[in-house]
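Visitor: The structure's right below; bear with me while I get my questions together.
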Amino acid sequence: MTEETKTFAQRLKEENRTTHDSVDNLVMSVEPFSNNENYTKFLKLQSVFHKIVDSIYKDEALNKAIPQLAYMARHDAVVQDLKDLGSEPYQFSGELPHPTGNKAIGWLYCAEGSNLGAAFLFKDAKKLNFNEENGARHLAPHPDGRGQHWREFVGYLNQLGLDKAAQDEAIEGAKEAFAFYKVILREIFGLPEGAEAPAA
Ligand code: HEM
């Protein structure tokens, strides 16, 4: 398939694959599901990330293009998960990014896609006895099912009608989102600046 025939969503997936996998590896390297203490840190990480994207989910124009988008926001659910564990959202040390325009669409892709892979994380959280009603609300599947919901979401992304330059900006936004996720993770789990997952 040539660059021109790829859909926006295909480009997002392909051009973020390596970055995604490095985030996946970094998350697993800090063993977020080995005990409640680590799981609380993971929830704190999620609380900062979902706080950044919350206003994107609630953006009026985007809600016209992507039905029910506001209801997909998971910041409130993460805050509730933290409460379930007797904890609270993390206050990040620096200023949080405020993505706008096409870059915000990339951040949104990153956040919504994380719920697709969250099937695995949800299973791990269940082993710690958390579930959709206690401590792992924000990892629960969409009522339509993760796969079905993702296919619909991706369809809306493709219908946004972004040209190549706009798509490039969104892809850049997604890369920034993944990169910032790592920054928050390192701060909360006490890893040195720039740390990546150790080679397997
Ligand atoms: C240990 C942590 C993680 C694991 C094991 C994991 C695993 C996965 C898996 C298996 C998929 C593909 C699911 C499918 O195609 O059915 C996926 C997709 C995705 N994940 Fe993750 N993930 C992790 C963390 C994250 C994080 C932290 C983010 C965002 C900050 C993220 C963003 C995404 C996105 C955007 C997709 C959609 C890719 C696409 O189809 O375009 N993931 N993940």
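Visitor: Quick one: putting +1 on the C-beta of Lys and Arg, -1 on the C-beta of Asp and Glu, what dipole do you get for the chain around its Cα centre, in Debye to the nearest 20? Don't skip to the end; give the middle numbers.
Guide: Numbers: 22 positive and 30 negative charges, 72 e Å.
That gives the chain a dipole magnitude of about 340 debye.
Visitor: Summarise the accessible area of the chain (1.4 Å probe, protein heavy atoms) by the percent that is carbon and sulfur. The partial results should precede the final answer.
Guide: Working: 5280 of 10420 Å².
Ligands and nucleic acids excluded, carbon and sulfur give 51 percent.
Visitor: Note the full-extension length gain between LYS123 and HIS98 as 0.36 nm times their separation in residues minus their Cα-Cα distance, in nm to one decimal.
Guide: On the way: separation 25, 0.36 × 25 = 9.00 nm, distance 3.17 nm.
Between LYS123 and HIS98, full extension yields 5.8 nm more.
Visitor: Here is a follow-up. Sort the range 1-103 into rounded, prolate or oblate with this rule: let a ≥ b ≥ c be the square roots of the eigenvalues of the Cα gyration tensor; rounded if a/c is under 1.5, and if a/c is not under 1.5, prolate when a/b is larger than b/c, oblate otherwise.
Guide: Numbers: a/c = 2.30, a/b = 1.38, b/c = 1.67.
In terms of gyration-tensor shape, oblate.
Visitor: Additional query: Compute the helix-to-body angle for 146-158: its Cα long axis versus the longest principal axis of the chain, expressed 0 to 90° and rounded to tens.
Guide: Around 40 degrees separate the two axes.
Visitor: What does the accessible area per residue of the range 40-108 come to in Å², with a 1.4 Å probe and no ligands, DNA or RNA counted?
Guide: Values: 3350 Å² over 69 residues.
Per-residue value: 49 Å².
Visitor: Largest first and in whole Å, what are the equivalent-ellipsoid semi-axes of the chain based on the Cα gyration tensor, each being the root of 5 times an eigenvalue? Don't skip to the end; give the middle numbers.
Guide: Numbers: eigenvalues 145, 74, 52 Å².
Square roots of five times the eigenvalues give 27, 19, 16 Å.
The values are calculated or read from the model by the stated rules, or taken from the named source; none is laboratory data. These figures come from a predicted structure and were not determined experimentally. Counting neighbours? That spans all protein chains shown, and the Cβs are built from the backbone with ideal geometry, glycine included. Please note that ligands, DNA and RNA were not included when accessible areas were found on the heavy atoms of the full protein model with its side chains. Shrake-Rupley method; radii C 1.70, N 1.55, O 1.52, S 1.80 Å.
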